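Visitor: I'd like to ask some things about the structure below.
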Amino acid sequence: EAGVAQSPRYKIIEKRQSVAFWCNPISGHATLYWYQQILGQGPKLLIQFQNNGVVDDSQLPKDRFSAERLKGVDSTLKIQPAKLEDSAVYLCASSLVSYEQYFGPGTRLTVT
Amino acid sequence: GQNIDQPTEMTATEGAIVQINCTYQTSGFNGLFWYQQHAGEAPTFLSYNVLDGLEEKGRFSSFLSRSKGYSYLLLKELQMKDSASYLCAVRDLTGGGNKLTFGTGTQLKVEL
């Protein structure tokens with residue numbers, strides 16, 4: 001079966017610019033997650049969706065980050081405006097409701 | 001909150017056995033995952049423990065002691081391709097979520 005798809009794979013922007021990432025989960029997976037992984041650290045959950053509803057966004061910096069999953073399938077994560085400390089890999093994962101999570105290849109963001 | 005500790009780096013010899021430890025202190029616990037992450041790639045699922053004891057899957061085994069807040073991943077017959085980061089993650093199902101909190105990862109280097 002097809003895995004989790006993400007685009008773009010790489011993005012370089014200047015601070016204060018905006019950027020958006022896209023994720024298409026595994027077909028049939030109701031739950032979708034966005035993680036931020038800073039170099040040398042483990043992934044940190046930013047937001048979890050169950051279908052198109054938000055389950056957990058407690059670690060999402062809501063002043064600059066937003067995410068949506070309008071039709072319960074694809075999702076976008078946006079950063080506006082970006083800061084230098086947002087440089088990281090942004091991983092999307094999906095799962096059946098409470099089972100193991102499958103990760104996409106990630107988007108490597110560099111903010112200069 | 002969650003606090004997860006694992007060694008930063010380990011080195012082992014091809015063909016040998018290595019044990020990667022993980023200790024955790026958590027407010028909610030519904031199982032512990034181990035993921036493997038090669039440089040520049042997404043984490044991939046290795047094992048899951050929710051009850052105490054040892055789970056064996058080929059060359060990889062994982063152990064859990066909930067009373068001690070302790071797990072380990074055992075890799076046997078090490079191969080060069082096992083050089084990767086190994087991430088310990090605790091799952092919390094509180095509030096209907098399926099939240100994974102990751103440790104910082106253990107970078108394993110396999111040498112000849």
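Visitor: Can you compute the charge dipole magnitude of the protein assembly as shown about its Cα centre, using +1 on each Lys and Arg Cβ and -1 on each Asp and Glu Cβ, nothing else charged? Give it in debye, rounded to the nearest 20.
Guide: 540
Visitor: Now for a separate question. So which lysines pass the test for B:Lys81, namely a Cα distance under 24 Å, with those fewer than 8 places away in the same chain ruled out?
Guide: Those lysines meeting the cut-off are B:Lys57, B:Lys109.
Visitor: Sequence neighbours fewer than 8 away in the same chain don't count; with that in mind, list the aspartates and glutamates whose C-alpha is under 19 Å from B:Lys68.
Guide: B:Asp5, B:Asp52, B:Glu55, B:Asp92
Visitor: So for the range B:1-93, considering every pair of alpha-carbon atoms, how many percent are separated by more than 16 Å?
Guide: Looking at the range B:1-93, the distances longer than 16 Å represent 53 percent of pairs.
Visitor: Further question on the same structure: Which of B:Met80, B:Met10, B:Tyr70 sits closest to the plus end of the dipole of chain B, meaning its Cα is farthest towards the positive end, when Lys and Arg get +1 and Asp and Glu get -1 on the C-beta?
Guide: B:Tyr70
Visitor: OK, next. Rg and Dmax in Å for the protein assembly as shown, alpha carbons only: what are they?
Guide: Cα-based Rg and Dmax for the protein assembly as shown come out at 17.5, 51 Å.
Visitor: Gain in length, A:Glu68 to A:Glu85, computed as 0.36 nm per residue apart minus the alpha-carbon separation, to one decimal in nm?
Guide: 3.9 nm
Visitor: Okay, next question. Just rank B:Tyr24, A:Tyr10, fewest to most, by other beta-carbon atoms within 10 angstrom.
Guide: Exposure proxy ranking, most exposed first: A:Tyr10, B:Tyr24.
Visitor: Moving on. With unit charges on the beta carbon (Lys/Arg positive, Asp/Glu negative), name the residue among A:Phe49, A:Ile12, A:Gln36 whose Cα is farthest towards the positive pole of the charge dipole of chain A.
Guide: A:Ile12
Visitor: Extension gain A:Ala5-A:Trp22, at 0.36 nm per residue separation less the Cα-Cα distance, in nm?
Guide: 5.3 nm
Visitor: Also, quick follow-up: Give me the dipole magnitude in Debye, nearest 20, for chain A about the Cα centre, with unit charges on the beta carbon: positive for Lys and Arg, negative for Asp and Glu.
Guide: Value, rounded to 20: 380 debye.
Visitor: Right, something else. Sorted from fewest to most neighbouring beta carbons within 10 Å, what does the list B:Met80, B:Met10 look like?
Guide: Going from least to most buried by this count: B:Met80, B:Met10.
Visitor: Based only on other Cβ atoms within 10 Å, what is the fewest-to-most ordering of A:Trp34, A:Trp22?
Guide: Neighbour counts put them in this order, fewest first: A:Trp22, A:Trp34.
Visitor: Pairs to check: A:Lys44/A:Lys78; B:Lys76/B:Lys99; A:Lys15/A:Lys78. Give those whose C-alpha atoms are more than 25 Å from each other in this structure.
Guide: B:Lys76/B:Lys99
Visitor: Would you kindly give the portion of the calculated P(r) for chain A that falls above 16 Å, as a percent of all Cα pairs?
Guide: 55
Visitor: Roughly how many whole Å is it from the C-alpha centroid of the range A:11-38 to that of the range B:1-31?
Guide: If you average the Cα positions of each part, the centres end up 27 Å apart.
Visitor: Could you list the residues of the range B:13-51 with an amide nitrogen less than 12 Å from a label point located 7 Å from the Cα of B:Gln79 in the Cα-to-C-beta direction?
Guide: Residues B:15 fall inside that zone.
Visitor: Enter the mean number of other protein chain beta carbons within 10 Å of the beta carbon of each residue in B:37-44, as an integer.
Guide: For this peptide, the per-residue mean of nearby foreign Cβ atoms is 5.
FYI, it's all coordinate maths here, none of it is from the lab. This one's a predicted model, so the numbers in the text were calculated from it and none came from an experiment. With ideal geometry, Cβ positions are generated from the backbone for all residues, glycine too; neighbour counts draw on all protein chains shown.
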